[in-house]
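Enquirer: Attaching a single structure in C-alpha cells format; questions to follow.
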Amino acid sequence: MNDLRRTLLWSVFAFSLLMLWDGWLRHTGQPSLFSPAPAVAEAPASAASSATGVPAAATALPGTQAAAPAAAQAAQAASGPAEVPHELVTITTDVVKATVDSRGGSLVKVELLKHSDQEDKNKNMVVLDKTATHTYVAETGLIGQSAGEALPNHTTAFVVLSKDRELAAGADQIELKLESVPVNGVKLVKTYTFKRGDYAIGVKQDVVNASAAAIKPELYVQLERDGSAPQKAQGPAFMGGPQAYTGMAIFNAKGKYQKRAFKDIDEGKGDFEKVDDNGWVAMVEHHFASAWLQNDKVQREFFSKKIATNLYASGMLFNLGDVAAGQSKSFDSVLFVGPQEENKLKALAPGLEYVKDYGWTHIMAAPLFWLLDKIHGLIGNWGWAIVALVVLLKAAFYWLNASAYRSMAKMKALNPRIQLMRENLKDDPQKMQQEMLKIYREEKVNPIGGCLPIVIQIPVFIALYSVLSSSVEIRNAPWIGWITDLSVKDPFFVLPALMTLSTLLQTWLNPTPPDPVQAKMMWIMPLLFSVMFFFFPAGLVLYWFTNNVLSIAQQWIINKQIGASK
C-alpha cells in the first residue's frame, strides 16, 4: 500500500507536468495534446464569400497602397485636388498618444502612456505601429457592390480639418476630423473621438454622396498586422515564462470566441462564423489587444485573410444600403486599443473579456482572478494580495489538509515499525503486504491520504499560472524590494531558492519511504520540480512559497501533536 501511495504521487506529479505543458501549448495558440488539429476551412456555400472567409465584395480590400483598386486611384486623380499634403497627426490624451495618417485616415500608432515597455521601463508601451519592419494599423473605407465601382478607402488621400492636438485641461474629450478627396463624387468623413481616461476611441464615418446617382456602398473596418511576435521570447518555450497567443480573434453569438492564428491562414486551416448581426474582430497579443466594436444589431460579415507576405487583415463588412444623390449616411463604431483589463473589457462589448485568454483553465482562472482582484482592491498591492489569497485558500481547506497531514504524521510515526516488518518479511512479499494492511487498519491510517494536499493544489496552481501570465493588471506590479514585476521571473532568483528550501523542508516532514530508491527519489523529485520555478513569474513562485510555509507550519503542529517528531 505504501508503494501504491508513491506510485500515485508520481502519477500526480507526471500528470501535472503534462497538463502544464498542454496548457502552455494552448496558451501560445498551438494545438492541444488532447484535441485534433483544426479542420481545413471549407468553401462557404454562399457565393458572397470566398474560401478565405472574406466576403466577395471585400476581396478587393487592398491592405497596401500598391494593391488599391485602379479605378479608385484613377478617380482620385481625376476628381481630387492636384496636391493633398500628407500629414501624420498626433493626438495626445492622458492615457494615449495616437497617430493618424492622412493617407487613408488610418490609425497607425498608439502609445499607451500609463504602461511602460517591459524590456525598457523608460519607454511607453506601443501597440499599433507602422515602421519599416513592423505593421500593425487600424483601417476603414468604402467599397462598391458593383465591379469597378471606386469609392474612398484606406488608401485615399484625406484632408485634416481639426486643429486641436492635445486634450485640454478640464476637457473630457478631443476630436480629430478628416475628409477624403472625392472619389466618383463620393466623400468619406472620419471623426475620431478620444475620451479622457479611455482606451476606446469613437469612430464616426459619414458617407457624403455628391454624385448624380445613388450608390450602395459597403463599409469595412479592419485591423492589419504582420505575423511577427510582439516581442522576443525570454528563453525556451515552456521554461522561459509566458509567451501568449498572438493573432486574430472573432466573436459573435453563433460562433462565440474564435481564434485564428496567422499560421492557420497560411495553411488554410480553421473556420469561423462569417455572418451575424452582432460581434467584433480583434488582434490579440500578450496583455494588449485592439478591436473593432459595433454593439448594435446590424448585419455584418467577418473576414480574415493574408494580403501580402507575412501581412494579414481581419475585419467586418457592413452594408450601408442606398445613399441617394445629394444625401449622406452616418455609421458609428468603436476602436479599442489598449490593455486587457478584464473588468473594463466586459463593459465595452459582450465577450470582449475573452481576449484575455485563459485557455482551457478559464473555468477556474476567471473566478480566481475575480477573488484576487477583490483582495487587491482592499490591500492595494498585488504581491500581498497573492499572499492573502493563499491564506484564504488554506483556511477554506484547513480541515481537509489537516486530515491529510495527520495521516502523513501517523505514517511517519509508523515508519520504523514498517521498515522492521519489511526487513523481516522481505522474502515473502504477499505476507508483507498483508501485515502492512493490518498495521494500517489497527492504527487507522490511510496510506494515500497524504496525497490529497497535492491533488488540491495542482488545479489551483495551473489556474493561477494562467491568471498571472495573462493579467495585465499584474504586469509591472511591484511587491517588495527587488520584486518590481510580479508577472516575470525573479531577477535574482531569491524567491525560487526560498521555495526550493521550503519544499525540501516539507519533504523532510513527510514519512520516509521504506524502499531506499524511493526515499532518494522523494528528495530528487522536489529539486527537479523546483527547477521550473526559477523561470516562472515571481507572483506564481510567491504563491507556492507562501503555500509551502503555511503547509509546513500546519504539518509541524500536527506532527508535534501526534508525536511523530520523536
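Enquirer: What are the residues in the stretch 368-396 that are of a type outside the set (A, V, I, L, M, F, W, C) and farther than 19 Å from Ser487 by Cα, if any? Write out each step before concluding.
Expert: So the first thing to find is which residues in the stretch 368-396 are of a type outside the set (A, V, I, L, M, F, W, C), and the list is 373-374, 376-377, 380-381, 383, 394.
Listed by number, the list holds a single entry, Lys394.
Enquirer: Which numbered condition in (1) at pLDDT below 95; (2) open to solvent by less than 30 Å² (accessible area, probe 1.4 Å) is the only one that Ala212 fails?
Expert: Of the numbered conditions (1) at pLDDT below 95; (2) open to solvent by less than 30 Å² (accessible area, probe 1.4 Å), the odd one out for Ala212 is (2).
Enquirer: Before we move on, is Trp384 touching a His at 6+ places or on another chain (Cβ under 9 Å), assigned to a helix (DSSP H, G or I) and open to solvent by 10 Å² or more (accessible area, probe 1.4 Å)? Let's see the steps before the verdict.
Expert: Details: touching a His at 6+ places or on another chain (Cβ under 9 Å): yes; assigned to a helix (DSSP H, G or I): yes; open to solvent by 10 Å² or more (accessible area, probe 1.4 Å): yes.
Spelling it out, Trp384 is indeed touching a His at 6+ places or on another chain (Cβ under 9 Å), assigned to a helix (DSSP H, G or I) and open to solvent by 10 Å² or more (accessible area, probe 1.4 Å).
Enquirer: Whether any residue in the stretch 533-552 is surrounded by fewer than 16 Cβ atoms within 10 Å (Cβ to Cβ) and either at pLDDT below 75 or not aromatic (Phe, Trp, Tyr) (or both) is what I want to check.
Expert: From the stretch 533-552, those surrounded by fewer than 16 Cβ atoms within 10 Å (Cβ to Cβ) are none; that's our starting set.
No, every residue in the stretch 533-552 fails to be surrounded by fewer than 16 Cβ atoms within 10 Å (Cβ to Cβ) and either at pLDDT below 75 or not aromatic (Phe, Trp, Tyr) (or both).
Enquirer: Output the residues belonging to the stretch 151-189 that are assigned to a loop (DSSP other than H, G, I, E, B) and aliphatic (A, V, I, L, M).
Expert: Initial filter on the stretch 151-189 (assigned to a loop (DSSP other than H, G, I, E, B)): 151-156, 161-165, 167-172, 181-182, 184-185.
Within the stretch 151-189, Leu151, Leu161, Leu167, Ala168, Ala169, Ala171, Val181 qualify.
Enquirer: So the check is Cβ under 7 Å with 6+ separation or different chains; which pairs have a first residue in the stretch 423-446 that's assigned to a loop (DSSP other than H, G, I, E, B) and a second one that's of a type in the set (Gly, Ala, Ser)?
Expert: These pairs meet every condition: Val445/Ser407; Asn446/Ser407.
Enquirer: From the list Val183, Val203, which residue is open to solvent by less than 20 Å² (accessible area, probe 1.4 Å) and out of contact with any strand residue (DSSP E or B) (no Cβ under 7 Å at 6 or more places or on another chain)? Working first, answer last.
Expert: Values: Val203 fails: out of contact with any strand residue (DSSP E or B) (no Cβ under 7 Å at 6 or more places or on another chain).
It is Val183.
Enquirer: Determine whether the stretch 359-371 contains at least one residue that is open to solvent by less than 40 Å² (accessible area, probe 1.4 Å) and aromatic (Phe, Trp, Tyr). Reasoning before the result, please.
Expert: Filtering the stretch 359-371 for residues open to solvent by less than 40 Å² (accessible area, probe 1.4 Å) gives 359, 361, 365-366, 368-369.
Subsequent filtering for residues that are aromatic (Phe, Trp, Tyr) retains 369.
There is at least one residue in the stretch 359-371 that is open to solvent by less than 40 Å² (accessible area, probe 1.4 Å) and aromatic (Phe, Trp, Tyr).
Each row is one residue, and each column tells you yes or no for (1) open to solvent by 10 Å² or more (accessible area, probe 1.4 Å); (2) at pLDDT 75 or above; (3) not hydrophobic (A, V, I, L, M, F, W, C).
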| position | (1), (2), (3) |
| --- | --- |
| Ala388 | yes, yes, no |
| Met411 | no, no, no |
| Leu420 | yes, yes, no |
| Asp428 | yes, yes, yes |
| Arg441 | yes, yes, yes |
| Asn446 | yes, no, yes |
| Ile454 | yes, no, no |
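Enquirer: Continuing with this model, one more query. Would you mind stating whether Leu464 is within 24 Å of Phe369 (Cα to Cα), at pLDDT 70 or above and either surrounded by fewer than 18 Cβ atoms within 10 Å (Cβ to Cβ) or not hydroxyl-bearing (Ser, Thr, Tyr) (or both)?
Expert: On the way: within 24 Å of Phe369 (Cα to Cα): yes; at pLDDT 70 or above: yes; either surrounded by fewer than 18 Cβ atoms within 10 Å (Cβ to Cβ) or not hydroxyl-bearing (Ser, Thr, Tyr) (or both): yes.
Criteria met by Leu464.
Enquirer: OK, next. Which residues, counting only those in the stretch 329-354, are at pLDDT 95 or above, open to solvent by less than 20 Å² (accessible area, probe 1.4 Å) and in contact with a helix residue (DSSP H, G or I) (Cβ under 7 Å, 6 or more places away or on another chain)?
Expert: Those that are at pLDDT 95 or above, open to solvent by less than 20 Å² (accessible area, probe 1.4 Å) and in contact with a helix residue (DSSP H, G or I) (Cβ under 7 Å, 6 or more places away or on another chain): Phe336, Pro339, Gln340, Leu345, Leu352.
Enquirer: Among the residues of the stretch 241-249, are any at negative phi, modelled with pLDDT of 95 or more and either open to solvent by 10 Å² or more (accessible area, probe 1.4 Å) or not in a strand (DSSP E or B) (or both)?
Expert: No, the stretch 241-249 has no match at all.
The values are calculated or read from the model by the stated rules, or taken from the named source; none is laboratory data. Only a predicted model underlies this, so the values are computations on that prediction, with no experimental measurement involved. Using ideal geometry, Cβ is built from the backbone for each residue, glycine included, and neighbour counts are taken over all protein chains shown. Note: areas computed on protein heavy atoms with side chains; ligands, DNA, RNA excluded. Shrake-Rupley method; radii C 1.70, N 1.55, O 1.52, S 1.80 Å.
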